[in-house]
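Structure first, then comments.
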Amino acid sequence: MIRVDRIIKQFETEGQVQPVLHGIDLHVKRGEFVAIMGPSGSGKSTLLQLLGGLERPSSGEIHLDDVNLSAMNERERTLFRRRNIGFVFQNYQLLPTLTVEENVAFPLYAERASKMETSTRVARLLEVVGLTAQAGMFPAKLSGGQQQRVAIARALSMKPRVVLADEPTGNLDRQRGQEVLQLLSKLHREEGLTIVVVTHDMFAAGFADRIITVQDGRIVQEVSRTEVVRDELMADLVEKLNT
Ligand code: ADP
Ligand code: MG
């Protein structure tokens, strides 16, 4: 469903050209959970922003299903992004003056969804992420893990084709980080959600169907795992965590 062909990305700052991605090819299937790993500065966030239409490639093409993202203008991309892509960031990016429930409802307001539809959907999403009791609270009153779960609910509000998460556990302690990952993994398994997550965390990568390693703007390794391997790995991790 995501097809990236020969992507090159360079940034120009003050006349200086900085090449960041040097020819990336990547396919993500519907319902797949892909982890992107690699050293800091290797271009992971840039790649994720290209996948989500936040940035445009310098050359190459990005397709989401039958839509050519790289051919859209700024305005078309903004609309497409709002309706089709769920973003989750390291620092949550919640709106501090809105309550939990208003944050989750925000994309639906922006798309002028009906009040009925909005309130039903928001209630269901808060239930999924386990924050029904916090609906009327402001983000500042919540723990980091809870804030990230609000961000995940918000990312899901438009029923996106794909959720893109950039180091979603980067600001969380181990326990909270694992809860966030388990939530993403549950959504992947039970709702068939397509997820691409940038992470440094091997535990996070353990949930993935495929781990892609980026180094210096290139994909240097791709590891797929079968269900069997994953189940064994998860059992092993759970045992280690419980001892
Ligand atoms: P990672 O997420 O793997 O740490 P990034 O994709 O954030 O890496 O950054 C890769 C390189 O691209 C870095 O050298 C960074 O400075 C550069 N870069 C990222 N975004 C921009 C930008 N908007 N303008 C200029 N350079 C950028
Ligand atoms: Mg990054």
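Values quoted throughout were computed directly from the atomic coordinates according to the rules given, and no laboratory measurement underlies them. Here the structure is a predicted model, which means the values were calculated and not measured. Heads up, the Cβs are rebuilt from the backbone with ideal geometry, glycines too, and the neighbour counts pull from every protein chain shown.
Descriptive notes on the structure:
- Test: residue in segment 215-227 that is in a helix (DSSP H, G or I), away from ligand 1 (no atom under 16 Å from the Cβ) and free of Cβ contacts under 8 Å to residues at least 12 places away in the same chain: yes
- Residues of segment 120-140 that turn out to be out of contact with any helix residue (DSSP H, G or I) (no Cβ under 8 Å at 6 or more places or on another chain) and farther than 16 Å from Gly86 by Cβ, as a count: 4
- Scan of segment 7-23 for residues that are assigned to a strand (DSSP E or B) and exposed (fewer than 13 other Cβ atoms within 10 Å of the Cβ), ordered by number: Phe11, Glu12, Thr13, Gln16, Val17, Gln18
- Failed condition for Glu55, given (1) acidic (Asp, Glu); (2) part of a loop (DSSP other than H, G, I, E, B); (3) away from ligand 2 (no atom under 16 Å from the Cβ): (3)
- Leu164 being surrounded by 22 or more Cβ atoms within 10 Å (Cβ to Cβ), at negative phi and aliphatic (A, V, I, L, M): yes
- Taking each residue of segment 30-50 that is in contact (Cβ under 8 Å) with a residue 12 or more places away in the chain and within 22 Å of Arg225 (Cβ to Cβ) and looking for partners that are assigned to a loop (DSSP other than H, G, I, E, B) and within 7 Å of ligand 1 (Cβ to nearest atom) with beta-carbon atoms closer than 8 Å, six or more apart or interchain, yields Lys44/Gly38.
- So Val197, is it assigned to a strand (DSSP E or B) and buried (at least 24 other Cβ atoms within 10 Å of the Cβ): yes
- Unique match (being assigned to a helix (DSSP H, G or I) and within 20 Å of Thr118 (Cβ to Cβ)) among Ala153, Ala140, Ala204: Ala153
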